[in-house]
1. Have a look at LEU225, LEU195, LEU250 and point out the one that is surrounded by 19 or more Cβ atoms within 10 Å (Cβ to Cβ), in the same structural domain as ALA78 (by TED's automatic domain parsing) and touching a residue at least 12 places away in the same chain (Cβ under 8 Å).
2. So for the stretch 28-50 (the condition being surrounded by 14 or more Cβ atoms within 10 Å (Cβ to Cβ), within 19 Å of ALA84 (Cβ to Cβ), in contact with a helix residue (DSSP H, G or I) (Cβ under 6 Å, 6 or more places away or on another chain) and at pLDDT 95 or above), does at least one residue qualify?
3. Looking at (1) modelled with pLDDT of 95 or more; (2) more than 23 Å from GLN333 (Cβ to Cβ), can you tell me which one VAL234 breaks?
4. Taking SER283 and the conditions (1) over 28 Å from TYR208 (Cα atoms); (2) in contact with a Gly (Cβ under 9 Å, 6 or more places away or on another chain); (3) in a loop (DSSP other than H, G, I, E, B), which numbered condition does it fall short on, given that it satisfies the others?
5. When the residues of the stretch 110-149 are filtered to those that are surrounded by fewer than 19 Cβ atoms within 10 Å (Cβ to Cβ) and of a type in the set (Phe, Trp, Tyr), which remaining residue is farthest from the chain's Cα centre (by Cα)?
6. Please specify each residue of the stretch 314-345 satisfying the condition of being more than 19 Å from VAL297 (Cα to Cα) and touching a Leu at 6+ places or on another chain (Cβ under 8 Å).
7. Scan (1) in contact with a helix residue (DSSP H, G or I) (Cβ under 7 Å, 6 or more places away or on another chain); (2) surrounded by fewer than 14 Cβ atoms within 10 Å (Cβ to Cβ); (3) aliphatic (A, V, I, L, M) for the single condition MET292 breaks and write down its number.
Amino acid sequence: MPSLLRHLLLLPSALLALTVSRTLGELVEVQRRQSTTLPSPIAFAPDQNWDGIDGSWSTFTLRIGTPAQYVRTFVSFAAYQTWAVLPQGCQSASDYNGCMSARGGVYNQSASSTFENIGIYDLWIEENLGLIGNAIFGYDAVGLGGNGENGPTLKNTTVGGLAVPTFYLGVFGVNPKPTNWTSFNDPAPSYMTQLKEEKLIASVSASYTAGAPYRFSGVLASLTLGGYDSSKFVSNSVPFTFAADNSRDLVVAIQSISTPSSNGSNPVGTALLPGPIYAYIDSTVSQIWLPMEACQVFESVFGLVYDNTTQLYLVNDTLHSSLLQRNANVTFQLAQAYTGGPSVQITLPYAAFDLTASPPYQGLTTQTRYFPLRRAANSSQYTLGRTFLQEAYLTVDWEAQQFNVSQVLWDSNAKENLVVIPPTSQSSSSSASSSYPGTDTSSTSSNKLSAGAIAGIVIGAVAAVVLLALLLIWFFRKRSKDAQERERQNEKLGSNSDESNERGRQANVFPKAELEGSAPTPPTPIGVQDNRRLLSTAGGSISDAPASNERQIHEMPGDMPTVREKDGRALSEKEALAHREKVYNGVDSAPNSQTAINEDGSRERRRVDPSDVVRMPTSATTGTHASGGETRDQFHHRAFSFEQERGNDDLGLSFDKDRDSEYSQDDLYS
């Protein structure tokens, strides 16, 4: 049982030690995070062009090859490579230079000394939308920004040269997935992964909004790598997690699409989506792809007409004027699931849908206004393209597998405020959403103590309190048990045991020894004393020793005479009392004295020092007892240890008063 108690007492200590070690580890990790400087996000500035044949879109310039060739591209969150238009893409054009400019410039692979050819492979990322084609892939240097810009340049990045009209401009892919050519054994890293490996960005993350030519005098797109720009959006607290299909990971649930009623007196909006759907956010394409039922509602509400030849909702001048006058907006309510849960609303004005298509898009021969709504054949085609991203700000963290969608904030005076998204290794999964817009705009949120560390501190404190309580209980129980044991022993031993215990507790206090009492002896008549004195003067000898048949009488000496000095100084009261105690009772008050009381309560036998023995005078030693007994011992003990030896006359048996008076008190004790 005591062994079990000891183990139980050790359990809180071990728990406390484990908690403290874990807490200290957390604190060290926090300090390490705080001392580590994360790279700042890269704000990839767009060029000043509005390109595209399916609308006017803000583009980004890349430097490809050696020497650098400049091409303008769209941003794609689905693509994980860089695509550029080859010269072959304009060979059949009547105006080659005009085609090159319309397609954002061309990339001549043979003119680059650093290009390493890999082969021809399909462009399959938009196959579900019917956008197919192929490209010549290889490795080459790619830099961000145009001539004179200082964006980073990475070597041996994956580049594809295309000539098909399906993708009219090139694409800058920011998805971090690697490219596998023939097997999965030697994948080629993406541009984003290389940026992270070279510590140019803190995490594999990016933020984007497509820009809006209809806002102010035209607001360009915004792309931030490794973070986001908090001045670009209205914060919300709705995080989204990646979908299971890694080819369509940025999936949201569109719970509803609505527009204000055409009847101004009716406060209830008109629903444009019959039922909730899941849709993929893809900046590679421009339109919004919805189910046929939703498209038919749009046709009814806005008076749209579908053109079967081009498969577009073309807008003539009359309809355009009507829509401009109505100026209706469309609101998308997004959430993680079909129903319930937190949601965010993204509102698009009619100007976001007022686009112009140019030849050769969808077989058009002239520029035509159109409404960017496409009929989806199945759920795999439900897509929110760049039209939606004109009014939405998208932030994606591939390391944490989460993203956020927010309403764009239109503030012409807002200043850029870049916020880094920390890597997943520096933020727990429970706090990963705090790196996104709308939850916590502080880039140092991951430097706080985790919930595990806080719980550890609490557990450690509780364990310490429990351990202290157990120790106090054990101490008081042991004390009470000892007291009870002492009481039981006292009851058994009685009063003698009490006295013995008292002496044991006061070992240096000794009882005084007392002489045995005797019957009083009648005084000797005065005449007898005179006769003895006469006999002494006459030369007679009388023995002072009693007869053998008489009882020896012991007389207590008088009070202690004053001892004047000891080693040249006066004795203190304490020393005089100790000396008196030793002379009278043979007891030394010093704890280690020879006459001290033993632990068993008995007094040691007194030892006689030879210097304390006094030789008797000759006259006394030659006498005999009155009864004729043996001669007395010629030695006797001094009465006091401080007495000096005397001559025969001093210790004789003469009773001459005159002679006795010769010795003063000072001589007797000198």
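The values are calculated or read from the model by the stated rules, or taken from the named source; none is laboratory data. All figures in this text were calculated on a predicted structure; none of them were measured in a lab. Glycine gets a Cβ as well: all are built from the backbone with ideal geometry, and neighbour counts include every protein chain shown.
1. Of LEU225, LEU195, LEU250, the one residue that is surrounded by 19 or more Cβ atoms within 10 Å (Cβ to Cβ), in the same structural domain as ALA78 (by TED's automatic domain parsing) and touching a residue at least 12 places away in the same chain (Cβ under 8 Å) is LEU195.
2. No: zero hits.
3. (2)
4. Unmet condition: (1).
5. Ranking the candidates gives TYR121 first.
6. Correct list: SER343, VAL344, GLN345.
7. Among (1) in contact with a helix residue (DSSP H, G or I) (Cβ under 7 Å, 6 or more places away or on another chain); (2) surrounded by fewer than 14 Cβ atoms within 10 Å (Cβ to Cβ); (3) aliphatic (A, V, I, L, M), the lone unmet condition for MET292 is (1).
Yes/no matrix, rows are residues, columns are (1) within 45 Å of the chain's Cα centre (by Cα); (2) surrounded by 20 or more Cβ atoms within 10 Å (Cβ to Cβ); (3) assigned to a loop (DSSP other than H, G, I, E, B):
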residue	(1), (2), (3)
ALA351	no, no, no
PRO359	no, no, yes
GLN362	no, no, no
THR366	no, no, yes
ALA377	no, no, yes
LEU394	yes, yes, no
ALA400	yes, yes, yes
ASP411	yes, no, yes
